[in-house]
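The structure appears below as structure tokens.
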Amino acid sequence: MWRARFFKALPEIQAKYPTGRWIFLTLTVSNCEISELRQTLKWMNAAWHKLLKRKEFPALGFVKSVEVTRSLDGTAHPHFHCLMFVPASYFSHKYVSQAEWANLWQSCLKTDYTPVVDIRAVKPKKTPLNAKPDPLNKAMAQAVCETLKYAVKPSDLLADPKWLDELTKQLQKTRAISIGGCLKEFFSEDDPEDLINGDIEEDEKIEDDTYLFFNWSTIVSRYKKTNGKKS
């Protein structure tokens with residue numbers, strides 16, 4: 001469970017790097033056909049590795065996740081969510097603007113269009129005088145949850161059985177979460193994680209040691225949740 005693992009490691013990260021700050025970056029590309037998703041993710045990951053080598057890349061460490069959403073026309077919209085740990089100097093003289101991030105990402109992708117990019121600082125919540133700082137403030141929690149949320153929205157999984165079938169094929173054995181830089185020492189990536197068969201979050205658990213499953217219902221023509229016993 002990546003969220004729990006991250007929140008557990010966060011105090012240790014901040015103790016070792018007390019002046020570090022967090023920024024939240026979203027990197028997108030144009031939609032692709034669902035049948036081309038695996039190849040598109042491969043291309044995006046190659047561009048990400050190029051981005052890491054750019055001198056402008058500011059992060060000391062990062063957690064990157066993949067999200068895929070379904071558009072109304074049935075195409076797939078893959079994008080990266082990146083929670084990046086940067087030195088304090090990033091905000092004084094190494095700041096990279098949103099336009100600069102977009103240009104960097106376009107250069108690494110080698111596209112003829114400027115991709116949509118979003119960058120924002122994770123601002124610590126102000127605490128009253130003499131109050132003990134809370135490392136798990138609301139802004140940080142929101143950034144972590146956005147980065148480490150479901151790779152595919154449940155509503156998209158239920159929308160179209162053919163799309164879901166192809167999505168499963170395209171995402172099989174692909175990695176949902178990657179960690180780099182100084183953050184690698186705080187996490188273990190020994191177990192490969194794919195976007196379809198990833199960790200089950202705590203809120204997916206049902207009483208009596210059961211888990212969420214989906215079966216196709218011919219009555220309502222969509223997938224429905226069912227309870228299944230853990231094997």
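The values are calculated or read from the model by the stated rules, or taken from the named source; none is laboratory data. In this text the structure is predicted, and so the values were computed from the model without any measurement. Note that each Cβ is placed from the backbone with ideal geometry, even for glycine, and that neighbours are counted across all protein chains shown.
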Inset, instruction - Sort out which residues of the range 1-39 are under 25 Å from residue 114 (Cα atoms), assigned to a loop (DSSP other than H, G, I, E, B) and small (Gly, Ala, Ser), and write them in order of number. - result: 30
Legend entry - Test: residue in the range 45-57 that is touching a His at 6+ places or on another chain (Cβ under 7 Å), touching a residue at least 40 places away in the same chain (Cβ under 8 Å) and not aromatic (Phe, Trp, Tyr): no
Legend entry - Among (1) in a loop (DSSP other than H, G, I, E, B); (2) surrounded by fewer than 18 Cβ atoms within 10 Å (Cβ to Cβ); (3) not hydroxyl-bearing (Ser, Thr, Tyr), the one test that residue 59 misses: (2)
Inset, instruction - Please identify the pairs in which a residue from the range 157-184 that is on the phi > 0 side of the Ramachandran plot has its Cβ atom under 9 Å from the Cβ atom of a residue that is among the polar types (S, T, N, Q) and surrounded by fewer than 16 Cβ atoms within 10 Å (Cβ to Cβ), counting only partners at least 6 apart or on another chain. - result: 173/197
Inset, instruction - Collect the residues in the range 108-165 that are modelled with pLDDT of 75 or more, in contact with a Lys or Arg (Cβ under 6 Å, 6 or more places away or on another chain) and over 20 Å from residue 75 (Cα atoms), keeping them in residue-number order. - result: 108
Inset, instruction - Within the range 53-72, identify whether any single residue is over 18 Å from the mean Cα position of the chain (by Cα) and closer than 23 Å to residue 164 by Cβ, and answer yes or no. - result: yes
